[in-house]
Amino acid sequence: MPQQPLKGVFVPNIVPYDSQGRINEEELRRIIHWLGTKGVTGFYPNGSMGEFIRLTQEERKRVLKIVVEEAGGRPILAGAAEANIDEVLKMCAYCADLGCRAVSLTGPYYYKLTQESIEAYYREIAAKSPIDIVIYNIPAFANEITVPVLTRLAMDCPRIVGTKDTSRDMPRFQMVLHTIKRQRPDFSVLIGWEELFCTSLFMGGDGATLSSGGVVPELVMRLYQEAVAGNWEVAKRLQFQLLDVFSPMVNSPNFPEGFRAGYELRGFQAGPARFPLSDRERAGMETMKTHLATVLAQLGIATPAPEISPLPSPTLPQSLSPSAIEAIVREVVTRLA
């Protein structure tokens, strides 16, 4: 029986680490459970946000198993990129056994390949995979998949059920909708870049995998729901709010450290990264966190007070203006929310 097309917001999660650099399984479970309470459509483990390339294969399998266990039945779009076809197929089988909805596969990475080779790569996997496949186009990190290649794969391979596009290329996204989706309406077209979220939905996209969804799931899900309902003025306002949150995180050094800092502001322990920051970069991250905390407070999104800075001293000057008193009250209420 054919499964329903992929629609909605699939949230890529970070992998938190303990003080020894090991996966903090308890904190990972807490993150996934919390995101579920915020109404996200599904989850997207072992992608760029999950730093899959910095995990061993066994760690990637463990992360996926935990996410499945804590997902509460929500669909899982699992990253399954590996170094060669045999390893990809093993991961596909593992994902299928766990009951994932589909796997996401980047173009082959590291080596620069021809489009003919890339097409042959996906065709072989599609012919042998026990689970549906979403082709993940992220040219910043892996070989790009051209629209003609993607079109032929979508038309010829039933196992290939959608694409996720993180190219930041809106003309390309529209061309995929124009050339593929009108011929194959069940083919899911997802955006992977926050700056284009509202526009992609307006043009007929099916949803997204957004890193910011792990930090501000309330904002991301409301934007999606307003857009689906056709409330475009509200959706546009929310899109600009999302940009205010996304920009400082994505522009921080050593992706995805900015997003890990965002999780910390929401009350989670991300732990030390598996790739070091310089002293200057660490100082910059603290500045970014302060700015991001301010943005979240302005949007009415609660952040735990200890994760921002100590509460102000109760010792106040002898006289304060009404506006100053109001500002202090707002700050204290925000920190205690």
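What follows draws every value from the coordinates through simple rules; no lab data is involved. Quantities reported herein were computed from a predicted structural model and do not represent experimental measurements. Cβ sites come from the backbone with ideal geometry, for glycine too, and all protein chains shown count toward neighbours.
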Added length on full extension, which subtracts the Cα-Cα distance from 0.36 nm per residue, residue 58 to residue 84: 7.7 nm
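Expressed in whole Å with the largest first, what are the equivalent ellipsoid semi-axes of the chain derived from the C-alpha gyration tensor as the square root of 5 times each eigenvalue? Could you put the intermediate results ahead of the total?
On the way: eigenvalues 278, 102, 60 Å².
Its equivalent ellipsoid spans semi-axes of 37, 23, 17 Å.
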Dipole magnitude of the chain about its Cα centre (Cβ charges: Lys, Arg +1; Asp, Glu -1), debye to nearest 20: 420 debye
Test item: Cα-centred dipole of the range 156-197, Lys/Arg +1 and Asp/Glu -1 on Cβ, debye: 160 debye
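Relative contact order of the chain, please, whole-number percent, based on alpha carbon pairs below 8 angstrom and at least 6 residues apart.
Details: 529 pairs, mean separation 52.6, N = 337.
Computed value for the chain: 16 percent relative contact order.
Multiply the residue gap between residue 179 and residue 155 by 0.36 nm, knock off their C-alpha separation, and tell me the result in nm, one decimal place.
Working: separation 24, 0.36 × 24 = 8.64 nm, distance 1.04 nm.
Taking 0.36 nm per residue and subtracting the Cα distance, the gain is 7.6 nm.
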Helix axis angle, 232-250 relative to the chain longest principal axis, alpha carbon, degrees: 80 degrees
Given 236/289; 38/128; 90/112; 38/112, the pairs whose alpha carbons are separated by over 29 Å: 38/128; 38/112
Tilt relative to the chain, helix 279-298 - C-alpha long axis, 0 to 90 degrees, to 10: 80 degrees
20 °C / 1.002 mPa s Stokes-Einstein diffusion coefficient of the range 1-139, Kirkwood radius on C-alpha pairs, µm²/s: 138 µm²/s
Extension gain (nm, one decimal) between residue 225 and residue 111, 0.36 nm per residue minus Cα-Cα: 37.1 nm
